[in-house]
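Trainee: Take a look at this one; I'll ask things after.
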C-alpha cells in the first residue's frame, strides 16, 4: 500500500495519539522539557497536519496543545484556529515537518532530543552522517528484512534560519533516499513513517540503536 493510500486519522485522533506518545517519550528522557515536536497528516487534499504548538511541555502534552496547519505552515480549519487561543503558534520547526511529508510522503513525523542522538550528532558531524549496521533491531525499520543491513543516518548542520534549514533537510533527503531518519547537529533525531504507529516504532528502534552505538564507542 502506498503512503498516500494509508487511512488518515482525524485531527482529534492524531492529537490524542501524539499526546500519548509525547508523554511516553518524555518518560524515556527523549523529549525533556519543551524539546521535540510531533505531527501527523490528517488530510492529503488539501494537505493538513496536526502539529504540536511551540513550547509545549511533552511530559504534560494534551490535545489542546495541537494545532492544525496547511501546506504553508499557517493555521488551517476551525480545529487549528480554535486551539490557537490568540497566542499559541505551531512548532518553530514546522517547515521541516512539511519538507519530510512532501518529499517522503510521510504520514507522521516525530522529532526527539535524546542524550545519545545529541552526542552522536556532534561526534560524527565532520563525517556528515553515521552508519549503523549488523544489528538485529534494524529489522524494525520499514522495509528492512535482515540484520545484514547498513543504515546511513545523515547529519544536517543546525540553523536557526528555518527556510535555509528546510532546504538543507530536503537536500539530505534527496541525497540519501533510503534513509529512515536524519540527525540535526547537536540537536536531535528526526524520523517518520507512513502512519503514527510506524513513526513511533522508528523512534524506538533508532533511539535504541543510537544508545548502543554511543555506549560502544565510549
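FYI, it's all coordinate maths here, none of it is from the lab. The shown structure was predicted, so the numbers you read here are calculated from the model rather than taken from an experiment. Backbone-built Cβ (ideal geometry, glycine too); neighbour counts: all protein chains shown.
Trainee: Once the Cβ-Cβ distance between residue 115 and residue 176 is put in as r, and R0 is 35 Å, what FRET efficiency do you end up with, to the nearest 0.05?
Mentor: Efficiency at R0 = 35 Å is approximately 0.90.
Trainee: Write down the percent of antiparallel bridges among all DSSP beta bridges whose residues are both part of the chain, to the nearest 5.
Mentor: Expressed as a percentage, antiparallel bridges in the chain total about 95.
Trainee: OK, next. Indicate the gyration tensor shape class of segment 92-218 (rounded, prolate or oblate), computed on the Cα atoms with a ≥ b ≥ c the square roots of the eigenvalues: a/c under 1.5 is rounded; otherwise a/b larger than b/c is prolate and the rest oblate.
Mentor: Cα axes put segment 92-218 in the oblate bin.
Trainee: Shifting gears a bit: According to a simple spin-label model (label point 7 Å from Cα along Cα-to-Cβ), what is the distance in nm between residue 137 and residue 92?
Mentor: 2.9
Trainee: I'm a student and want to see the number: the projected area of the Cα convex hull of the chain, averaged over all directions, in nm².
Mentor: 11.2
Trainee: OK, next. Can you give the relative contact order of segment 68-216 as a percent, counting alpha carbon pairs under 8 Å and 6+ residues apart?
Mentor: RCO, segment 68-216: 29 percent.
Trainee: Additional query: If eta is 1.002 mPa s and T is 20 °C, what Stokes-Einstein diffusion coefficient results for segment 131-171, Kirkwood Rh from Cα pairs, in µm²/s?
Mentor: 178
Trainee: Oh, and also: How far is helix 11-27 tilted, in degrees, relative to the longest principal axis of the Cα atoms in the chain, given as a value from 0 to 90 rounded to the nearest 10?
Mentor: Roughly 40 degrees, rounded to the nearest 10.
Trainee: With everything on Cα atoms, drop me the angle between helix 162-175 and the longest principal axis of the chain, reported from 0 to 90° to the nearest 10.
Mentor: The angle comes out near 50 degrees.
Trainee: Mind ordering 38-51, 174-187, 123-136, 58-71 by average Cβ neighbours within 10 Å, highest first?
Mentor: 38-51, 58-71, 174-187, 123-136
Trainee: Expressed as an acute angle from 0 to 90° and rounded to the nearest 10, what is the orientation of the C-alpha long axis of helix 94-104 relative to the principal long axis of the chain?
Mentor: 70
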